[in-house]
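The structure appears below as structure tokens.
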Amino acid sequence: MSESQAPATDRVSTTATRLFMDHRELLFAIVYNLLGSVADTEDVLQETWFTHVLPVETARKEADA
């Protein structure tokens, strides 16, 4: 299925992923400067991603049901 034929939630998820990955280095630098730990920085970025993407994934599951 091409992106133009993908359901709206797939396009949103793809766009959100692209946006997050495009800014991940900047986010990492900012969070690392605040926390000073690579492990803690990775945890914060992962938690931020889950918080950001969870509503999209929930909407996708509800649409499929």
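What follows draws every value from the coordinates through simple rules; no lab data is involved. Source: prediction; values computed, not measured. Don't worry about glycine lacking a Cβ; one is built from the backbone with ideal geometry, like all the others, and counts go over all protein chains shown.
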Ranking of Asp43, Asp64 by count of other Cβ atoms within 10 Å, fewest first:
Asp64, Asp43
Stretch gain in nm, segment Ala65-Thr51, where the contour uses 0.36 nm per residue and the Cα spacing is subtracted:
2.8 nm
